[in-house]
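Taking it in order: structure first as structure tokens, then the write-up.
Here, each number is a calculation from the coordinates, and none is a lab measurement. Bear in mind the structure is a predicted one, so any value in this text is a computation, not a measurement. Ideal geometry is used to build each Cβ from the backbone, glycine not excepted, and the neighbour counts take in all protein chains shown.
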Amino acid sequence: MDKKRLQACLEGCQRCAAACNFCATSCLHEADPKAMARCIALDLDCAEACEFAASVIARRSEHVDEVCRTCALLCDACGQECGRHDHDHCQRCAAACRECAESCRAMIAA
């Protein structure tokens, strides 16, 4: 495994998890949090997937490709949902999700 790509993916996963957790919490404080239910749910799923992927990458698990492939899929879903909302925290989360999915796929392709 390419050490640079591993490190980039690890850091991308960590940034994405933080952005997703922040977004979920921020959505709960919006005027109508019920309208943000899907966003919150995907934020939490994505954050957990990214945290797990970061752990697997750090351990250089033999299952890193499978975990990162799943992480990328969840990042895609979360990024798409967050991108639908105008809130700054949603837009920042969407960007972090896109970057994480990209770094996961780049690492798998290596």
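Starting with the highest mean, order 25-32, 42-49, 71-78, 86-93 by the number of other Cβ atoms within 10 Å, averaged over the residues of each peptide. Intermediate values should be presented prior to the final figure.
Working: 25-32: 13.1, 42-49: 22.1, 71-78: 23.9, 86-93: 17.4.
Listed from highest to lowest mean packing, they are 71-78, 42-49, 86-93, 25-32.
Output wanted: per-residue J couplings in Hz (rounded whole) for segment 93-107, from phi through Karplus 6.51 cos²θ - 1.76 cosθ + 1.60, θ = phi - 60°, x for Gly and Pro.
5, 4, 5, 5, 5, 4, 5, 5, 4, 4, 5, 5, 5, 5, 5
For the chain, modelled as a GNM with alpha-carbon contacts under 10 angstrom, which of Glu81, Glu11, Glu66 fluctuates the most?
Highest fluctuation of the listed residues: Glu66.
Counting helices only, and only those DSSP H runs with n ≥ 4, report the 222 nm mean residue ellipticity of the chain as the sum of -39,500 (n - 2.57) divided by its residues, in deg cm²/dmol to the nearest 500.
The per-residue figure over the chain is -29000 deg cm²/dmol.
Please turn the phi angles of segment 45-53 into ³J(HN,Hα) values with the Karplus equation 6.51 cos²θ - 1.76 cosθ + 1.60 (θ = phi - 60°), one per residue in order, whole Hz, x for glycine and proline.
Along segment 45-53, the couplings run 4, 5, 4, 5, 5, 5, 5, 5, 4 Hz.
What FRET efficiency would be calculated for the residue pair Leu44, Gln91, taking the C-beta separation as r and a Förster radius of 25 Å, to the nearest 0.05?
The pair Leu44/Gln91 has a calculated efficiency of 0.85.
Work from the charge dipole of segment 3-109 (Cβ charges, +1 for Lys and Arg, -1 for Asp and Glu, about the Cα centre) and give the residue of Met107, Cys75, Met36 farthest towards its positive end.
Farthest towards the positive pole: Met107.
Residue separation times 0.36 nm, minus the C-alpha to C-alpha distance between Ala35 and Ser55: what's the value?
4.0 nm
Near Ala54, within a Cβ-to-Cβ distance under 13 Å, what is the net charge of the other residues, with Lys and Arg +1 and Asp and Glu -1?
0
Select from segment 1-83 those trypsin sites (Lys or Arg not before Pro) which occupy a DSSP coil region and have at most 14 other Cβ atoms within 10 Å, ordered by residue number.
Answer in residue order: Arg60.
From the backbone phi of segment 76-81, what are the Karplus-calculated ³J(HN,Hα) couplings (6.51 cos²θ - 1.76 cosθ + 1.60, θ = phi - 60°) in whole Hz, Gly and Pro given as x?
4, 5, 5, x, 5, 5
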